[in-house]
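Report on the structure given below.
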Amino acid sequence: MRNKLIAGNWKMNLTGVQIATLIGALSKQHIPTCVEVLLLPAFPYLAEVRTLLDGCQLKLGAQNLCAHEPGAFTGEVAAEMLLDVGCEYVLVGHSERRALFAESDEVVAVKFARAVAGGLKPILCVGETLPERESGAAFSVIKRQLDVVIANCGIDMFENAVLAYEPVWAIGTGRTASPEQAQEIHMYLRSQIAVHSAKLAGSIQILYGGSVKGANAVELLNMADIDGALVGGASLKASDFQEIIAAA
Ligand code: PGA
């Protein structure tokens, strides 16, 4: 049985006071042991959030990391630093990084390997754009995004990783993939992992992301291959995020 993982990707939102209020509310919710809840704040707040989370079971992760080892890379943040401030997870290959910061499949693969080398669990995000879906290319795009990471890093690195299917057309748009559309891709991703390791295919968590909210979380999370949610907008307000946690 795979645990459900609910991750809140705050993106470039929230400042100190708002974060303290949000965590104050979130830490009051009872969370069963089969559900993991993860917060992904912006870099400047990681250490502070770690302190606020002391004594509660919520986990901490970052939204990005540098593709290089510690050294002369002005303005960048290394995996080792994220681990040092208490991060357990890091997002890799989010579509906003791919589209707005020109991160190629190859850069994503390097960051994935760096995350694992630095002691973090990468959450590898994959997903197609609307034109790609409409032209029937969704499966081939996702396969390419996954295959480059497997080819460069090896399947064993996925033992400490999570996958996230995030159709780009569903991110921040209010438009969600139907549970059936999401399940179809999740099942496909699992089958692609199974080509290399049946055991890993059975254990790896695959999250769905893209306009997840309280109103659609139950039906998405009920699908056989959906093991959690990567939540953007709805993770910024305690009551919205708590509804999704309750659904899990
Ligand atoms: P959204 O974002 O929930 O606001 O659509 C999801 C994500 O980008 O991870």
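The values are calculated or read from the model by the stated rules, or taken from the named source; none is laboratory data. As the structure is a computational prediction, the values presented were derived from the model and not from experiment. Reconstructed Cβ throughout: ideal geometry from the backbone, glycine too, with neighbour counts over all protein chains shown. SASA here: full protein model, heavy atoms, side chains in, ligands and nucleic acids out. Shrake-Rupley method; radii C 1.70, N 1.55, O 1.52, S 1.80 Å.
For the reader, a short list of remarks on this structure follows.
- Relative to its Kirkwood radius, the Cα radius of gyration of the chain gives an Rg/Rh of 0.94.
- Per-residue extension of 0.36 nm, minus the Cα-Cα distance of Glu184 and Asp54, leaves a gain of 43.0 nm for this segment.
- Structure note, pairs Lys59/Lys237; Lys143/Lys213; Lys4/Lys213: Cα-Cα distances above 19 angstrom occur for Lys143/Lys213.
- Database remark: amide H of Leu5 closer than 5 angstrom to the amide H of Glu36, Gly228, Ala229 (H placed geometrically; neighbours at sequence offset of 5 or more, or on other chains; Pro and chain starts carry no H).
- For the chain, calculated [θ]222 nm from helices alone, where every DSSP H run of n ≥ 4 adds -39500 (n - 2.57): -12000 deg cm²/dmol
- Eligible aspartates and glutamates near Lys111 by straight Cα distance, threshold 13 Å, same-chain separation 8 or greater: Glu69, Glu76, Glu80, Glu103
- Evaluating kT/(6 pi eta Rh) at 4 °C and 1.567 mPa s, with the Kirkwood radius of region 103-248 over Cα pairs in the Stokes-Einstein relation, gives 83 µm² s⁻¹.
- Exposure of His68 as accessible area (Å², to 10), given a probe of 1.4 Å and all protein chains: 90
- Counting only heavy atoms of the protein chains and using a 1.4 Å probe, Thr173 has close to 80 Å² of accessible surface.
- Net lengthening on full extension, Glu243/Glu76 (0.36 nm per residue, minus Cα-Cα): 56.6 nm
- The stretch between Glu88 and Gln29 holds 19.1 nm of extra length on full extension. This uses 0.36 nm per residue minus the Cα-Cα distance.
- Taking the Cα centre of the chain as origin and assigning +1 to Lys and Arg Cβ atoms and -1 to Asp and Glu Cβ atoms, the resulting dipole is close to 320 debye.
- Loop sites in region 98-140: chymotrypsin sites (Phe, Trp or Tyr not before Pro), DSSP, at most 11 other Cβ within 10 Å: Phe101
- Proximal aspartates and glutamates relative to Lys199, as straight alpha-carbon distance under 12 Å, when same-chain residues fewer than 8 apart are discounted: Asp156, Glu159
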